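Here's the structure we're looking at; comments come further down.
Here, each number is a calculation from the coordinates, and none is a lab measurement. Keep in mind the model is a prediction, meaning the values are calculated, not measured.
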Amino acid sequence: MAEKIKYRDVSGIFIPDAEWAQFLDDVSTIKQRSTELEKVNGEQQYKLKKLARIIQRKDKRIAGLIEIGAT
């Protein structure tokens, strides 16, 4: 457990090596998950853009067919 210490008028926190190692592991795990989430979000954005383009093409086709049928 971290402890507040004061040595020669300097205050600080003492963290044992085992706790510090666990803290660093936790931070690296959080960073890794964050990176994975960013990758997944990027892939989802790409798929949504691709789907939007497909829908636009289909809408143009339908509009063209309706226009041809109206004449």
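In degrees from 0 to 90, rounded to the nearest 10, what is the angle of the helix 17-70 Cα long axis to the longest principal axis of the chain?
It works out to around 10 degrees.
For Kirkwood radius over Cα pairs in Å, pick the label among [x] 17.7; [y] 13.1; [z] 13.5 that corresponds to the value derived from the coordinates.
The calculated read-out lines up with [x].
From the helices alone, meaning DSSP H stretches of at least four residues, give me the mean residue ellipticity at 222 nm for the chain, per-run term -39500 (n - 2.57), in deg cm²/dmol to the nearest 500.
Numbers: 1 runs with 54 residues, N = 71.
My calculation for the chain gives -28500 deg cm²/dmol from helical runs alone.
By how many nm would the segment from Asp26 to Glu67 grow when fully extended, if each residue of separation counts as 0.36 nm and the alpha-carbon distance is taken off?
Working: separation 41, 0.36 × 41 = 14.76 nm, distance 6.09 nm.
In short, 8.7 nm is gained.
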